[in-house]
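Engineer: Take a look at the following structure, please.
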Amino acid sequence: MTDIKRPTLELPESRKKVLLHSCCAPCSGEVMEAMTASGIDYAIYFYNPNIHPDREYDIRKNENIRFAQEHGIEFIDADYDRDNWFERVKGLENEPERGERCTQCFDMRFERTALYAYENGYDTITSSLGISRWKDMNQINGCGERAAARYPGMLYWTYNWRKGGGSARMIEISKRENFYQQEYCGCIYSLRDTNRHRRAQGREPVQIGVKFYGREETL
Ligand code: SF4
């Protein structure tokens, strides 16, 4: 744990236990450390059938497991469920990022998170997804609230993890931990679009498993 100074967080409505949907180690690092520093009782739920191919998925998940173990935080590894993800976004393959495909993608991940939370004694869910500046916070909060509303008493905590220096700390922690630095959102469609963009700029395509925060050299 770092000696970073943060405001003390309090759960809304005197809630007791949070299930944190984590998308990856870089995004959840600051969220985890902020909750730990405030004495919030939480566990990590890793359910991301949107991450392709398998190698990228394994790297992202293992980075998150390593960090959870370092901090003694429970890590719940949910099923991969990739076929259902493709079924869910069928017909939306050419949607731009932050469009309807992403809404379905967030909905699916949060619905499973809310179900697990409801069945396992958590009264609150939240997500690390919103800390990324590439994401639409309103879109994520809408999906989170919709998922929570399916279960009585469940709350989606809409805390803005970017504020109060959260975005800067996310980078700082990622460098300190040498987290894997993913170069696209996660699905094969985002990989396709990132590579298209790179090609148009005369850049090399994404290379999986190569970039790490805080390291000059490639591995
Ligand atoms: S771009 Fe990202 S959020 Fe959108 S569908 Fe793909 S993985 Fe999900």
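Engineer: Could you please state, rounded to a whole Å, how far the C-alpha centre of region 190-207 is from the C-alpha centre of region 3-20?
Structural biologist: 38
Engineer: I've got another one for you. Charges only on Cβ, +1 for Lys and Arg, -1 for Asp and Glu: so what's the dipole of the chain about the Cα centre, in debye to the nearest 20?
Structural biologist: Roughly 600 debye, rounded to the nearest 20.
Engineer: From the backbone phi of region 38-51, what are the Karplus-calculated ³J(HN,Hα) couplings (6.51 cos²θ - 1.76 cosθ + 1.60, θ = phi - 60°) in whole Hz, Gly and Pro given as x?
Structural biologist: Rounded to whole hertz, the list is 9, x, 7, 7, 8, 9, 9, 10, 9, 9, 9, x, 7, 8.
Engineer: Calculated from DSSP H runs of 4 or more alone, at -39500 (n - 2.57) each and per residue, what is the 222 nm mean residue ellipticity of the chain, nearest 500?
Structural biologist: Taking each H run of at least 4 residues, the total per residue is -14000 deg cm²/dmol.
Engineer: Could you compute the net charge surrounding Arg203? Neighbours are other residues with a C-beta less than 12 Å from the C-beta of Arg203; K and R count +1, D and E count -1.
Structural biologist: +1
Engineer: How about region 28-97: which GluC sites (Glu not before Pro) there are in a DSSP loop, with at most 13 other Cβ atoms within 10 Å of their Cβ?
Structural biologist: Glu74, Glu93
Engineer: Just in region 111-151: which chymotrypsin sites (Phe, Trp or Tyr not before Pro) are loop by DSSP and have at most 12 other Cβ atoms within 10 Å?
Structural biologist: Hits after loop and neighbour filter: Trp134.
Engineer: Count the lysine pairs in the chain whose Cα atoms lie under 30 Å apart, taking only pairs 8 or more positions apart in sequence or on different chains.
Structural biologist: The result is 26.
Engineer: Taking +1 at the Cβ of each Lys and Arg and -1 at the Cβ of each Asp and Glu, which of Cys23, Ile173, Asn195 sits farthest along the dipole of the chain towards its positive end, judged by Cα position relative to the Cα centre?
Structural biologist: It is Asn195.
Engineer: Moving on. Decide, for region 71-201, between rounded, prolate and oblate: order the square roots of the alpha carbon gyration tensor eigenvalues as a ≥ b ≥ c, take rounded if a/c falls under 1.5, and otherwise choose prolate if a/b is larger than b/c, else oblate.
Structural biologist: The shape class here is oblate.
Engineer: Could you give the size of the charge dipole of region 26-77 about its Cα centre, using +1 on the Cβ of each K and R and -1 on the Cβ of each D and E, expressed in debye and rounded to the nearest 20?
Structural biologist: Details: 4 positive and 10 negative charges, 21 e Å.
For this selection, approximately 100 debye.
Engineer: Quick one: Val89, Val18, fewest Cβ neighbours within 10 Å first, how do they rank? Mind showing how you got there, number by number?
Structural biologist: Numbers: Val89 20, Val18 24.
Going from least to most buried by this count: Val89, Val18.
Engineer: OK, next. Rounding to the nearest 20 debye, state how big the charge dipole of region 41-151 is about its Cα centre with +1 on each Lys and Arg Cβ and -1 on each Asp and Glu Cβ.
Structural biologist: Working: 15 positive and 22 negative charges, 59 e Å.
The calculation lands at about 280 debye.
Engineer: Considering amide H positions built from the backbone, and no H for Pro or chain starts, which residues 5 or more places from Val18, or on another chain, come under 5 Å of its amide H?
Structural biologist: Those qualifying (amide H under 5 Å, at least 5 residues apart or on another chain) are Asp41, Tyr42, Ala43.
Engineer: Kindly write out, for region 53-59 in residue order, the coupling ³J(HN,Hα) from the Karplus curve 6.51 cos²θ - 1.76 cosθ + 1.60 (θ = phi - 60°), rounded to whole Hz, with x marking Gly and Pro.
Structural biologist: Per-residue couplings from phi come out as x, 4, 4, 5, 4, 4, 5 Hz.
Each value in this text was obtained by applying a stated rule to the coordinates, not by laboratory testing. Note that the coordinates shown come from a computational prediction; the quantities given were computed from them, not determined experimentally. Neighbour counts are summed over all protein chains in view; Cβ atoms, including those assigned to glycine, are modelled from backbone coordinates with ideal geometry.
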